[in-house]
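Below: one structure, written as structure tokens.
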């Protein structure tokens with residue numbers, strides 16, 4: 001019996017390790033997290049997208065605190081993906097297409113430091129990839145890219161009502177006025 005239990009535990013550990021090896025995270029901010037969440041959900045290789053906050057000084061911030069602009073946090077999404085299906089480079093390409101990385105603390109009508117363009121690199125490889133991607137993307141924009149690239153910091157998931165917001169609230173005025181046009185623009189860009 002002890003041998004069977006030991007074998008079960010060993011096989012379970014091996015399975016968990018192999019499952020984790022097919023998973024990486026990308027933490028990105030480019031305006032309202034509802035937009036980025038809607039853009040990345042359903043993309044090939046994306047396992048999950050979680051809206052949240054990062055890069056500030058306040059521990060466990062709330063949406064209300066972040067909206068006041070005094071926490072230092074940016075609205076971000078944590079994208080869990082399978083690198084065998086989609087590369088970090090491809091995720092960054094979509095990120096550049098999904099927002100205007102040349103505006104400081106602003107995306108459309110959303111203004112404030114919480115809406116800044118930011119990449120939170122999980123490791124040195126991601127940081128180098130992000131820097132290379134930014135340099136390559138610059139040729140597509142008439143103004144300088146102002147996206148911050150920072151090393152890994154704590155990610156705080158946003159409140160439950162922010163998760164899967166577009167999926168659950170597609171008739172919401174913000175979704176219809178902002179997210180739907182972004183999705184349509186990206187769809188036409190990607191089909192070309």
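The values are calculated or read from the model by the stated rules, or taken from the named source; none is laboratory data. Note that the structure is predicted; figures quoted are calculated from it, not measured. Neighbour counts are summed over all protein chains in view; Cβ atoms, including those assigned to glycine, are modelled from backbone coordinates with ideal geometry.
Which residues, counting only those in the range 64-82, are more than 10 Å from the chain's Cα centre (by Cα) and surrounded by fewer than 16 Cβ atoms within 10 Å (Cβ to Cβ)?
If the condition is that a residue be more than 10 Å from the chain's Cα centre (by Cα) and surrounded by fewer than 16 Cβ atoms within 10 Å (Cβ to Cβ), then 64, 67, 68, 69, 70, 72, 82 are the ones that fit.
Restricting attention to the range 135-175, which residues are surrounded by 14 or more Cβ atoms within 10 Å (Cβ to Cβ) and free of Cβ contacts under 8 Å to residues at least 24 places away in the same chain?
Matches in the range 135-175: 138, 169, 172.
Does residue 41 satisfy the condition of being under 13 Å from the mean Cα position of the chain (by Cα), surrounded by fewer than 23 Cβ atoms within 10 Å (Cβ to Cβ) and either over 24 Å from residue 182 (Cβ atoms) or modelled with pLDDT of 95 or more (or both)? Lay out the reasoning, then the answer.
Numbers: under 13 Å from the mean Cα position of the chain (by Cα): yes; surrounded by fewer than 23 Cβ atoms within 10 Å (Cβ to Cβ): yes; either over 24 Å from residue 182 (Cβ atoms) or modelled with pLDDT of 95 or more (or both): yes.
Considered against the rule, which asks whether it is under 13 Å from the mean Cα position of the chain (by Cα), surrounded by fewer than 23 Cβ atoms within 10 Å (Cβ to Cβ) and either over 24 Å from residue 182 (Cβ atoms) or modelled with pLDDT of 95 or more (or both), residue 41 comes out as yes.
Identify, please: which residue in the range 25-38 is touching a strand residue (DSSP E or B) at 6+ places or on another chain (Cβ under 6 Å) and more than 15 Å from residue 153 (Cα to Cα) and is, among those, surrounded by the most Cβ atoms within 10 Å (Cβ to Cβ)?
Out of the qualifying residues, it is 33.
Could you go through the range 29-39 and let me know if any residue there is assigned to a loop (DSSP other than H, G, I, E, B), in contact (Cβ under 8 Å) with a residue 40 or more places away in the chain and more than 13 Å from residue 147 (Cα to Cα).
Yes, the range 29-39 contains at least one residue that is assigned to a loop (DSSP other than H, G, I, E, B), in contact (Cβ under 8 Å) with a residue 40 or more places away in the chain and more than 13 Å from residue 147 (Cα to Cα).
Quick check on my filter: what residues within the range 83-104 are assigned to a loop (DSSP other than H, G, I, E, B) and buried (at least 22 other Cβ atoms within 10 Å of the Cβ)?
Result: 99, 101.
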